[in-house]
Every structure is written in structure tokens, then in C-alpha cells.
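The values are calculated or read from the model by the stated rules, or taken from the named source; none is laboratory data. Remember, predicted model here, so these are calculated numbers, not experimental data. When we count neighbours, we look across all protein chains shown, and the Cβ atoms used for this are built from the backbone with ideal geometry, even at glycine.
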Amino acid sequence: MNRLYSVTNIKNVWIIRPSGELDMNNAMDFKEDIRNNFVQQGKVNIVLDLSQVDYMDSMALGVLISLQRSCRMNGGALVLCGLESNLKRIFKMTMLDSVFSIRETVEEALKIFFGE
């Protein structure tokens, strides 16, 4: 798969930065890639920085829910950050803003794992 994202690791928290569009054309590949290369390897503390994502459809939202569940079932957590206004609106309208831990920045998201 053509890598849609970059990765940074800070003390076993994996910061994944997808870019472009996350939609029905690539969302399932993204999910499989994250599952195979992170969750199944025990890398289950993930910050998903969406600041470079310009578009997301319902398929991508389903993928995020699935990845969050996988992280939790394996003792980790998935935290979202960097949502621009359109994505914020989508998360609010679908009420997914109450399902996910969402922070403004990567630094704020990391506080969930490391405390203040």
C-alpha cells in the first residue's frame, strides 16, 4: 500500500499523521495497515493527528471506531487531535465527539498518556 501517513514514536506512544483524504478508496487499507503494523505488534497507544486530512467520509469514521476498539481491547487507547473545523463539525453532528478522546494538538493528546 502506498503509505498515506507518517509515524513518530514518543515513549511507546505512536503518533500517526495521515494526509489527504481518508475515504472509501483507502480507509480499509489504512485500517489494515494500522492493525497489522501497530495494534497486532502491541503498539496500541496511538495519537491520530488529523491536521493533514482534508476530507473524511463515513467509511473512514467507521474505520476510526474500529481502530479505537482494537486499541482498547488490547489495553491501549486511540486519541484524536488536529481536527480542522469541517472535521470537528462532522464529529459533532455524528456525536462521535463523545465517543473519542479529542484534543487540539499532539502535545495535548500526549498528556492523556503521560499526565501533565
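Count of region 75-86 residues, restricted to those that are more than 18 Å from K31 (Cα to Cα) and either touching a Leu at 6+ places or on another chain (Cβ under 6 Å) or of a type in the set (D, E, K, R) (or both), is 3.
Of everything listed in (1) closer than 14 Å to L22 by Cα; (2) crowded, with 16+ Cβ neighbours inside 10 Å, the single unmet condition for S58 is (2). Taking every residue in region 100-116 that is closer than 22 Å to L61 by Cβ and modelled with pLDDT under 95 and pairing it with any residue that is surrounded by 11 or more Cβ atoms within 10 Å (Cβ to Cβ) and acidic (D, E), at least 6 positions away or on another chain, yields no pair with a Cβ-Cβ distance below 8 Å.
In the set (1) loosely packed, with under 15 Cβ neighbours inside 10 Å; (2) modelled with pLDDT under 95, Q41 fails one condition alone, (2). Put simply, of I65, I46 the only residue that is modelled with pLDDT of 95 or more, assigned to a helix (DSSP H, G or I) and either touching a strand residue (DSSP E or B) at 6+ places or on another chain (Cβ under 8 Å) or among the aliphatic types (A, V, I, L, M) (or both) is I65.
Let's see how each residue does on (1) under 13 Å from the mean Cα position of the chain (by Cα); (2) among the polar types (S, T, N, Q); (3) at positive phi:
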| position | (1), (2), (3) |
| --- | --- |
| I10 | no, no, no |
| N25 | no, yes, no |
| K31 | yes, no, no |
| Q40 | no, yes, no |
| I46 | yes, no, no |
| S51 | yes, yes, no |
| M59 | no, no, no |
| C71 | yes, no, no |
